[in-house]
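Only one structure is covered here, and it is reproduced in the block below.
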Amino acid sequence: MSACSACALRSSCTQVVFGSGNHEAEILFIGEAPGKKEDETGVPFVGSSGRILDKMLAEINIKREDIYLTNICKCRPPENRDPLPEEIVICWPWLKKQIAIIHPKIIVTLGKYALNHFLPAAKISQVHGQVIKIDIKKIGKINLFPLHHPAAARQNRKTRALFNEDFQKIPKVLQKTKKNP
Ligand code: URA
């Protein structure tokens, strides 16, 4: 992955931010793309969105080392623009490999880009905080738990309240999935 230059993003970013955490994690968090801090450090979610994520993880007693964190695009888009559909498509084989290796019990998508990659027609305002079973070709069925993006939660008080509420459900969702995969 570090040597990938399949799309133009690699020529403008500092490094590929492939992911971090436990490769045997039960929960895989998928965000959008690295930002400035992530691009500098090579670690996902270390900027302002990461701080929100860390706070929420602490509230539900889950450590970063227990989960795996990655993004649908592994390279920072210039000026933090949204990833383009073709960049997401080109990066998908890497994410797919990560899902196959980690084989999480649940995938928590953060924001509409990660959600719409798996469910193109879904509206985050309607499906956030609900468990949705998806079928990934050659991987199988996995429970998706879509959340708002922490950056959106930072910008809007109502979104923040929904994000917090949904986040608190994660331990229960995991327990349920384990009992009834
Ligand atoms: N940092 C990331 O790694 N991903 C995001 O989606 C936002 C910030």
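The values are calculated or read from the model by the stated rules, or taken from the named source; none is laboratory data. In this text, all values refer to a predicted model and were calculated from it rather than measured experimentally. FYI the Cβ positions are ideal-geometry reconstructions off the backbone, even for glycines, and counts take in every protein chain you see.
Being modelled with pLDDT under 95, more than 13 Å from the chain's Cα centre (by Cα), at negative phi and in a loop (DSSP other than H, G, I, E, B) is the requirement here; does ALA25 meet it? No; evaluated as a whole, the condition is false for this residue. Kindly check whether there is at least one residue in region 134-143 that is surrounded by 18 or more Cβ atoms within 10 Å (Cβ to Cβ) and in contact with a helix residue (DSSP H, G or I) (Cβ under 6 Å, 6 or more places away or on another chain). Scanning region 134-143, I find at least one residue that is surrounded by 18 or more Cβ atoms within 10 Å (Cβ to Cβ) and in contact with a helix residue (DSSP H, G or I) (Cβ under 6 Å, 6 or more places away or on another chain), so the answer is yes.
What are the residues in region 51-93 that are surrounded by fewer than 20 Cβ atoms within 10 Å (Cβ to Cβ) and within 11 Å of the ligand (Cβ to nearest atom), if any? Correct list: ARG51, ASN80, ASP82. The single residue among LYS138, LYS133, LYS176 that is of a type in the set (Lys, Arg), part of a helix (DSSP H, G or I) and without any contact (Cβ under 8 Å) to a residue 60 or more places away in the chain turns out to be LYS176.
Restrict the check to region 5-17 and report whether at least one residue is outside any loop (DSSP other than H, G, I, E, B), β-branched (Val, Ile, Thr), within 16 Å of the ligand (Cβ to nearest atom) and more than 17 Å from the chain's Cα centre (by Cα). There is no residue in region 5-17 that is outside any loop (DSSP other than H, G, I, E, B), β-branched (Val, Ile, Thr), within 16 Å of the ligand (Cβ to nearest atom) and more than 17 Å from the chain's Cα centre (by Cα). Each residue in region 113-158 was checked for being closer than 19 Å to LYS97 by Cα and within 16 Å of the ligand (Cβ to nearest atom), and 6 of them qualify. For region 36-50, the tally of residues that are crowded, with 19+ Cβ neighbours inside 10 Å, within 8 Å of the ligand (Cβ to nearest atom) and part of a helix (DSSP H, G or I) stands at 3.
In this entry, GLU32 is excluded by the filter for residues that are of a type in the set (D, E, K, R), at pLDDT 95 or above and farther than 17 Å from ILE72 by Cα. Residues in region 13-35 that are closer than 21 Å to ASP166 by Cα and among the small types (Gly, Ala, Ser) were compared, and the one that is surrounded by the fewest Cβ atoms within 10 Å (Cβ to Cβ) is ALA25.
Among the residues of region 51-84, those identified as part of a helix (DSSP H, G or I) and without any contact (Cβ under 8 Å) to a residue 24 or more places away in the chain are ARG51, ASP54, LYS55, LEU57, ALA58, GLU79.
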